[in-house]
1. Assuming R0 = 51 Å, can you tell me the calculated FRET efficiency for the pair GLU372 and ASP446, based on Cβ-Cβ distance, to the nearest 0.05?
2. Which net charge results when you count Lys and Arg as +1 and Asp and Glu as -1 among the other residues whose beta-carbon is under 13 Å from that of LYS233?
3. Anything over 26 Å Cα to Cα? Flag those among LYS44/LYS170; LYS44/LYS129; LYS71/LYS173; LYS226/LYS306; LYS532/LYS580; LYS129/LYS216, in the order listed.
4. Please say if the stretch 112-167 is rounded, prolate or oblate, where rounded means a/c under 1.5 for a ≥ b ≥ c the square roots of the C-alpha gyration tensor eigenvalues, and otherwise the choice is prolate for a/b larger than b/c and oblate otherwise?
5. Using a cut-off of 13 Å between beta-carbons, work out the net charge of the residues near LEU378 (Lys and Arg +1, Asp and Glu -1, LEU378 not included).
6. What does the C-alpha gyration tensor say about the overall shape of the stretch 36-166? Classify as rounded when a/c is under 1.5, otherwise prolate if a/b is larger than b/c, or oblate.
7. Each residue of the stretch 90-105 in turn: what ³J(HN,Hα) in whole Hz from Karplus with 6.51, -1.76, 1.60 and θ = phi - 60°, glycine and Pro shown as x?
8. Carbon and sulfur: what percent of the stretch 159-201's accessible surface (1.4 Å probe)?
Amino acid sequence: MRKYLLLLLPLLVFACNGGSDKTASDKAYAMLERVAELNAGGNKPAALALADSALALCPADTTRCWLMSEKAVTLADMGRMADAIDVAQRAYTLAHKLNDVEAMLNLRGTMGIAYRRQGMTDSALVQYKKGIETALAEHNTEYEIYLNNCVTVLYSESNRFAEALRYAAKAEKAAAAANDTIQRLSARANIGGIYLRQADYHAALDALLPCWQEVKSVGYNVLTLKFLSVILKSYSSLGDYHAVDKYMSYADRVMGGVAANSNGVLGILEVKAHLLGAQHRYGEQLTLIDSLMASSAQNQAMPLEKMLRMKAHCLEKMNRKAEAWALMNEAYTMLDSVKQSDIEKSMSEFAVKYKTLETEAALAEQKQQTAEKANQVLWLVVAVVVLAGVVCVMLYKRRIAAQRALLHEKQSYIDGLENERERIAKELHDGVCNDILAAKLLLATDNRQAEHYLNDVWRNVRQLSHELMPPCFEDVSLDTVVRSYVAAIGNKAGGNNVTLHIDSTFDWQRLPQQVAYETYRIIQEATANAMKHGNGDTIDISLRADDDSMCVRIDNGISPHTGDSQPRADHGIGRQTLQKRADRIGAKLTITEEGTRHSLTLTYRLGSEA
């Protein structure tokens, strides 16, 4: 994408600078071209210094806008994400004022990258998708492809691989239609990278090797290194060192034409460091790791904690155990800090959403108060025009009821968000944090026990992430997801024994995705309530279906209640949530209590979605 910017910049500057100071404009533009070259070559400190010098010349608005855009890219690559976002936002305001669509699209991508690297995936996705909408409206295929590739990387890093592959295929198809070879091959490299993150090394190689000859003929070093990084890591993981040597020799030749601290070169050198370790050449590996750490410090290409762990492992093999232990402690301390930072960023984004909902609720309440004042005026009119007043009052009361219902619904949603936030915090504090602390203390004395604790941490975090992530019913059916859920909670059910009965004669793939999703959430909520409030008896879950209807039934024991303290089935936010989910799919929800047994029944008529 950067090469297209270099071609477009002369036309943009000439069109917008007009009769301004030509000497200063030409000098600033020449500096802009050089900044773009330095950025592409990986020399970030020089690019930043030159961009600031060019901006100090007070160039015309268009040149200034593109200089700020390049500066934002440089800051993001150097790891200064907050500064990058600040500069990009100011540049975007200027680009919007100039109606410079190319600059606005470029800045959408830059802001998305900066947000993504901060762990703010929602904010990044907003920037990318708004950019894609603009690119489609303006029929700008180049930026449509570029932003689709950006979304691919975001979903891949978030382990949402199906969505990542879908966007990569979009980018590849659009690039092929536009005859854009570099972007098409870049999308193909992203597909290989997605398979690599899934540890499907054969699939990664199958995706990239058929295009390798074409990549070599293009001769674009950055793209070549992007392909080689995935190919080398895949062959290295498969233990095929003969193939690694073959492609590494080609990588050595290509790296000669790229800046030593560029991301592509650092990725190849990381593979080379792993190979030196596998060959027991620890002295050379240690030298290369130190070089990598020095280069990565300039542009934040690789996590420092990852480099520290690699260096610690190398020192351990060299029998320098004290140094290795100190580096490993530093790496895990840094990793804990990064994870805590990620949690705080996620909670920060959650707080922004919460504040937005809170503001909407306050506005709705203000509207309601204004409407009630207007109601007093209407009653004065009723005294003069009785019939018209009655009609107005009836309509107005309906409006007030709708507003109150909306306000109540939003308040219930806010309460639900607060409860979910508290639950996540408790899970992280009581489970994951304590296990990590125990593992850290045991590392110095009992590695096997430490490994046991770390496995517990992995399972707990994985279970928590599964509970938070809504299941995708495109590839799996309701019965499969429910079986997985019951198996997952089997060890957490406390005194309850959870039994599951599913009608295996029914084709559960027939259920629409929305129906399957809402049914699954109802089962989750009802089962959780049964474990929390039940008396410890067996929880029975059954799923039955035939050609006409589907029926879900959940039975559990409850403690006996007397007097006014006996709970009613139709009270509570949980009951309202269950009913709303049932209403969304047109199903009938029934909750009954007979003696010490509590029953929930969900009935859905097949074919009602038509």
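The values are calculated or read from the model by the stated rules, or taken from the named source; none is laboratory data. Fair warning: this is a prediction, and the values are worked out from it, not measured in the lab. No Cβ is skipped: glycine too gets one built from the backbone with ideal geometry, and neighbour counts run over all protein chains shown. What goes into the accessible areas is simple: the full protein's heavy atoms, side chains included, and nothing from ligands, DNA or RNA. Shrake-Rupley method; radii C 1.70, N 1.55, O 1.52, S 1.80 Å.
1. Taking R0 as 51 Å, the efficiency between GLU372 and ASP446 is 0.15.
2. Charge balance in the 13 Å sphere: 0.
3. Checking Cα-Cα distances, LYS44/LYS170; LYS44/LYS129; LYS71/LYS173; LYS129/LYS216 exceed 26 Å.
4. It is oblate, given that a/c is not under 1.5 and a/b is not larger than b/c.
5. +2
6. Values: a/c = 2.10, a/b = 1.40, b/c = 1.50.
The shape class here is oblate.
7. Per-residue couplings from phi come out as 5, 5, 5, 4, 5, 5, 5, 4, 7, 6, 8, 5, 4, 5, 4, 5 Hz.
8. In the stretch 159-201, the share of accessible area belonging to carbon and sulfur is 45 percent.
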